[in-house]
Amino acid sequence: MRVVISIGGSVLAPDLDSERVEAHASVVEALAREGCEIGAVVGGGGVARDYIGAARDLGANEVQLDQIGIDVTRINARLLIAALGSQVDPKVAHDYEEAGDAIRRGDISVMGGVMPGQTTDAVAAAFAEYVDADLLVYATSVNGVFSADPKSDPDATKFEEMAAGELVDVIADIEMSAGSSAPVDLLAAKLIERAKMRTIVLDGTDPSRIEPAVLRGEHSGTDIIPEGGDEPTYWAQ
Ligand code: UTP
């Protein structure tokens, strides 16, 4: 089974805690031992936001800010690589071809950001499509996709399961409301829909939740079911 796991920066490195990074790396290694081919995409988290805020105050434009964000995601990617054993490509992949080549060689491939104007949510979706992954997993700081941002709307309800088209509509609505944040961004949702990519959004603050989700589809987040898509055959075994 080929799987791309997106690990949000605020999930991997809310602070510089080597034990937390180690715990995420252990899950990736355990999945590799189970025979999974793995791509990981790492976000920038609070550190990226701090750098972007400071650079904005200094007059940087939006593309320059995104470039700073990308640099931070790649530093976080290096942290994860440092914690992974010999099976990982030691280079942070800077594009999908590099990442795809590493996976085809049998290495775990780790990416951060790729280009301005998007976030690592979209990188993970494009990476998953490029390598024809069976499954895309977003390990975020919220436990799935809600009808609204649960941090700002107490009536928000969680979807156990939803169609990819429904995900696009829900995310578009959330992104329209000022101050709300969605678990994955709109570009990522559209890429998931277009690629018909089976996707899980779950709370990855406890990394041990990722392994049963990947191996058996067991989790308490949200399943995004592509139109006409199949369950990963791996789960049927
Ligand atoms: P993240 O993917 O961590 O952004 O990338 P985010 O969604 O704001 O972070 P979380 O999910 O809340 O932790 C950090 C920043 O890097 C830039 C963007 O500015 C983004 O906000 N970035 C990242 C890009 O410009 N392009 C990319 O491909 C990735």
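Brief remarks follow.
- For Ser220: the one exception among (1) in contact with a strand residue (DSSP E or B) (Cβ under 8 Å, 6 or more places away or on another chain); (2) crowded, with 17+ Cβ neighbours inside 10 Å; (3) touching a residue at least 24 places away in the same chain (Cβ under 8 Å): (2)
- Residue pairs whose Cβ atoms lie under 7 Å apart, separated by 6 or more positions or on different chains, with the first residue in region 181-209 and among the basic types (Lys, Arg) and the second modelled with pLDDT under 95 and not in a helix (DSSP H, G or I), are Lys196/Pro226; Lys196/Glu227; Lys196/Gly228; Lys196/Gly229; Arg198/Pro226; Arg198/Gly229; Arg198/Pro232.
- Residues that are within 15 Å of the ligand (Cβ to nearest atom) and either without any contact (Cβ under 8 Å) to a residue 24 or more places away in the chain or surrounded by fewer than 24 Cβ atoms within 10 Å (Cβ to Cβ) (or both), drawn from region 130-142: Tyr130, Ser141, Val142
- Restricting region 105-117 to residues that are more than 10 Å from the ligand (Cβ to nearest atom) and in contact (Cβ under 8 Å) with a residue 24 or more places away in the chain, the residue that is nearest to Ala54 (Cα to Cα): Val110
- Filtered residues of region 73-95 (kept if more than 13 Å from the ligand (Cβ to nearest atom), part of a helix (DSSP H, G or I) and among the β-branched types (Val, Ile, Thr)): Ile81
- Among the candidates Val137, Val184, Val170, residue that is in a helix (DSSP H, G or I) and either out of contact with any Gly (no Cβ under 8 Å at 6 or more places or on another chain) or under 27 Å from Arg216 (Cα atoms) (or both): Val170
- Helices (runs of 4 or more DSSP H) wholly inside region 1-72 that include at least 2 residues being of a type in the set (A, V, I, L, M), away from the ligand (no atom under 14 Å from the Cβ) and surrounded by fewer than 19 Cβ atoms within 10 Å (Cβ to Cβ): 18-33
The values are calculated or read from the model by the stated rules, or taken from the named source; none is laboratory data. Note that this is a predicted model, so its numbers are computed, not measured. Virtual Cβ from ideal backbone geometry, glycine too; neighbours counted across all protein chains shown.
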